[in-house]
Every structure is written in C-alpha cells, then in structure tokens.
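Below is one structure, written out as structure tokens, with a few remarks after it.
The values are calculated or read from the model by the stated rules, or taken from the named source; none is laboratory data. The structure displayed is predicted, hence computed values, not measured ones. FYI the Cβ positions are ideal-geometry reconstructions off the backbone, even for glycines, and counts take in every protein chain you see. Accessible surface areas use protein heavy atoms only, side chains included; no ligands, DNA or RNA. Shrake-Rupley method; radii C 1.70, N 1.55, O 1.52, S 1.80 Å.
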Amino acid sequence: MILEEFVKGIVPSARLIIEDSTGELYRGFAACLEYSTKIDRNRDIKTHGLSIDVYKKEVKKAGVKEYIDTGEKIPIETISKFEFSDLIMEIYTKVMLKD
C-alpha cells in the first residue's frame, strides 16, 4: 500500500507520525498532511501501528480562566508513579515508509 491510499482511509482528525530510515518526517493531524511538501505520497508503507506520547497534565491560569496544557513528557516506564488523572495521552497512528 502507498501512503496516499493509507491517508485517504484515515480519519482527518487522527494524529499521524510518518517516519523513514532517516527519522521523523511528519507529526501532526492527518488532515494537515496535505500542506507538507517534503513527503512523497507515492512511497510504499513498510509498517503501521499505534504510538502513544504521555505528558504530565499542567493546569495554567490566564486571568480568572484555567486551562489544561501538556507538561513534561513522561517516559512510559515511569507511568505507574502517577495518578491516571494527572496524565494526558496523545495517541498517534505511526507509519514507517520503505526506503
């Protein structure tokens, strides 16, 4: 399967990571991939799966308004040291392209 076919079938609001042997080429929402000019969409896909980034939740204030933001990135090995309610998880669809 080529990348163009894969992206057509994915939900536009899904988070997407695209990598090849040189490293990460794209990280963002699937719908925003069309604005990236450095990725050849005719490349074949080697593998795809899920990837999770875990962050510590930070509550910030702007005047009287409070909002939640991502804090420091938490290594997956230390996730058990935190309460689940103190964490923010971002789930990505990770695509590895063939060379």
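Among the residues of the stretch 50-99, those identified as open to solvent by less than 100 Å² (accessible area, probe 1.4 Å), free of Cβ contacts under 8 Å to residues at least 40 places away in the same chain and of a type in the set (D, E, K, R) are 53, 56, 57, 58, 60, 69, 86. Every listed requirement among (1) modelled with pLDDT under 90; (2) within 21 Å of residue 26 (Cα to Cα) is met by residue 96 save one, (1). Of all the residues in the stretch 44-63, those that are at pLDDT below 95 and touching a helix residue (DSSP H, G or I) at 6+ places or on another chain (Cβ under 7 Å) number 3.
Could we say that residue 68 is closer than 12 Å to residue 3 by Cβ, assigned to a strand (DSSP E or B) and touching a strand residue (DSSP E or B) at 6+ places or on another chain (Cβ under 9 Å) here? So residue 68 does not fit the description; no. Within the stretch 1-34, restricting attention to residues that are without any contact (Cβ under 8 Å) to a residue 40 or more places away in the chain and of a type in the set (D, E, K, R), the residue that is least open to solvent (accessible area, probe 1.4 Å) is 4.
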